[in-house]
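Asks: Below you will find the structure I want to go over with you.
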Amino acid sequence: MLDHATDAFIEVTAKDLKEAFLITANAVINLTLDQHKVEEKNEKKITAKGKDLRYLLFNWIEEITFVLI
């Protein structure tokens with residue numbers, strides 16, 4: 001667990017790392033807004049770096065949140 005204040009915990013079960021990141025992204029988006037009420041207008045590539053897998057995921061989630069704001 002990362003030492004970080006949060007308002008929600010997300011637990012993900014996936015068959016591989018790619019699916020884990022996709023499920024996590026959808027969970028973060030659904031925590032932020034109602035996907036069914038938002039029209040998708042474009043697609044954006046999100047990239048992130050981290051010193052290990054946990055930090056990579058954390059930084060990637062931050063990037064998703066930044067795009068949503």
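Asks: Helix 17-32 sits at what angle to the longest principal axis of the chain, using alpha carbons and giving 0 to 90 degrees rounded to 10?
Replies: Orientation of helix 17-32: about 50 degrees from the principal axis.
Asks: Based solely on its DSSP helices, what 222 nm [θ] is calculated for the chain when runs of n ≥ 4 H residues each add -39,500 (n - 2.57) and the sum is averaged over all residues, nearest 500 deg cm²/dmol?
Replies: The helix contribution divided over the chain gives -15500 deg cm²/dmol.
Asks: Compute the acute angle (0 to 90°) between the alpha-carbon long axis of helix 53-68 and the principal axis of greatest extent of the alpha-carbon atoms of the chain; round to the nearest 10°.
Replies: Tilt of helix 53-68: around 20 degrees.
Asks: In addition: With unit charges on the beta carbons (Lys and Arg positive, Asp and Glu negative) and the dipole taken about the Cα centre of the chain, which residue among 10, 69, 21 sits farthest to the positive side?
Replies: Projecting each Cα onto the dipole axis, the largest value belongs to 21.
Asks: Residue 26: net charge of surrounding residues, Cβ under 14 Å, Lys/Arg +1, Asp/Glu -1, itself excluded? Don't skip to the end; give the middle numbers.
Replies: Details: positive: 18; negative: 11, 19, 34, 40.
The answer is -3.
Asks: Of (1) 0.97; (2) 0.95; (3) 1.02, which is the value of Rg/Rh (Cα atoms, Kirkwood Rh) derived from the coordinates here?
Replies: Looking at Rg/Rh (Cα atoms, Kirkwood Rh) for this model, the match is (2).
Asks: Okay, moving on. Using packing as a proxy for protection, rank 15-25, 54-64 so that the peptide with the highest average count of other Cβ atoms within 10 Å comes first. Intermediate values should be presented prior to the final figure.
Replies: Numbers: 15-25: 12.9, 54-64: 15.7.
Those peptides, ordered most packed to least, come out 54-64, 15-25.
Asks: Solvent-accessible area per residue for the chain at a 1.4 Å probe radius, Å²?
Replies: Per-residue value: 90 Å².
The values are calculated or read from the model by the stated rules, or taken from the named source; none is laboratory data. All of these numbers come straight from a predicted model, not from anything done at the bench. Because the Cβ atoms are built from the backbone with ideal geometry, glycine has one as well, and the counts that use them run over all protein chains shown. For the accessible areas, the whole protein counts, side chains as well, though only heavy atoms, and no ligand, DNA or RNA atoms are used. Shrake-Rupley method; radii C 1.70, N 1.55, O 1.52, S 1.80 Å.
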